[in-house]
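Read the figures in this text as sums done on the coordinates, not as results from a lab. Nothing here was measured: the structure is a model prediction, and the numbers come from that model. As a convention, Cβ positions derive from the backbone with ideal geometry for all residues, glycine included, and neighbour counts pool all protein chains shown.
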Amino acid sequence: MGILIVVALVTAAAAALLIFKVVEVLVGSLPLLFVALVLLLGLRRVRRAARRRRSGRQVPALRPPAPAAAEPSWSDTHARFGVLQQAYAAYECDALAVLRLPALADVTVPATARFVDAFAHAQALDTDTAPPPAHAAEYRHTVELAWRSWRAATEAAERIRLTNLSTQEQSSVQRVIKLLTTAEGTTHTGERQSAYAKAREELAKLAHTGHLQLPRAAAARLEAAARAGLASPQPAAG
């Protein structure tokens with residue numbers, strides 16, 4: 001009987017020691033178990049994201065479409081073309097403006113030729129009252145083209161200035177500009193008439209060479225100013 005008790009006590013002690021060791025191992029492994037759990041959850045998320053990409057389930061952010069730009073009305077286009085008509089007329093009526101930018105009056109210059117064609121097309125489509133929609137759409141497009149051509153022709157003329165003329169012709173143009181400026185600025189009738197007369201002589205020589213010809217409107221106003229002994233029109237505002 002004593003022997004059995006001793007054996008039972010030894011067995012219980014061994015079992016208790018074993019349980020203690022197991023608990024000790026488990027407690028010491030808790031940090032590792034936590035790290036393993038975090039890695040497992042992260043791996044599952046990566047796999048789910050990859051499956052969504054493969055299946056095309058990604059939904060792009062929704063953005064409202066940009067509103068379409070409203071087309072200008074016929075009246076707005078008509079008014080805009082009127083501004084261009086005034087700018088072109090002011091240039092063609094101003095001898096000084098033509099002398100400073102002669103390429104803008106020279107249709108042998110490609111940019112000027114394109115403008116003249118576009119302007120004539122817009123002029124042909126211009127009406128006093130609102131036309132049918134198809135006509136208005138073509139008119140709107142043509143006016144826009146005429147404006148772009150005008151800007152391009154003006155820029156080209158600014159670059160060219162007098163470089164298309166010979167040295168002698170450039171000197172003649174500069175003399176005419178000086179004479180017309182004097183005629184416009186003087187208060188003495190005799191000096192004004194003399195300046196106009198000399199300017200007309202120089203312009204006649206330039207016209208004879210065929211390299212610089214004043215538009216009819218500018219020539220007519222210059223002639224009228226010379227006959228009346230009055231100052232010619234002021235240059236168009238640039």
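Give the Cα extents of region 64-215 along the principal axes, in whole Å, largest first.
Principal extents (largest minus smallest coordinate, Cα): 67, 33, 31 Å.
May I ask you to derive the FRET efficiency for Thr163 and Thr189 from their Cβ-Cβ distance with R0 = 30 Å, giving the value to the nearest 0.05? It would help to have the intermediate numbers written out before the result.
Values: r = 37 Å, r/R0 = 1.23.
Taking R0 as 30 Å, the efficiency between Thr163 and Thr189 is 0.25.
With a 10 Å radius around each residue's Cβ, average the other Cβ atoms per peptide and rank 90-99, 129-138, highest first.
On the way: 90-99: 21.5, 129-138: 12.0.
By packing density, highest mean first, the sequence is 90-99, 129-138.
Assuming R0 = 41 Å, can you tell me the calculated FRET efficiency for the pair Val107 and Ser73, based on Cβ-Cβ distance, to the nearest 0.05? Before the final figure, lay out the partial values.
On the way: r = 33 Å, r/R0 = 0.79.
FRET efficiency, Val107 to Ser73: 0.80.
Below 12 angstrom from the Cβ of Glu138, what's the summed charge of the other residues (Lys, Arg +1; Asp, Glu -1)? Walk me through the numbers before you get to the answer.
Working: positive: Arg140; negative: Asp126, Glu144.
Overall, the nearby charge balance is -1.
Starting from one equal scatterer on each C-alpha and no solvent at all, send me the Debye-based log10 I(q)/I(0) for region 165-232 at q = 0.21, 0.23 Å⁻¹, two decimals.
Debye intensities relative to I(0), on a log10 scale: -0.82, -0.96.
How much net charge surrounds Val116 when only other residues with a Cβ under 12 Å from its Cβ are counted (Lys, Arg +1; Asp, Glu -1)?
Details: positive: Arg114; negative: Glu92, Asp106, Asp117.
Around Val116, the charge tally is -2.
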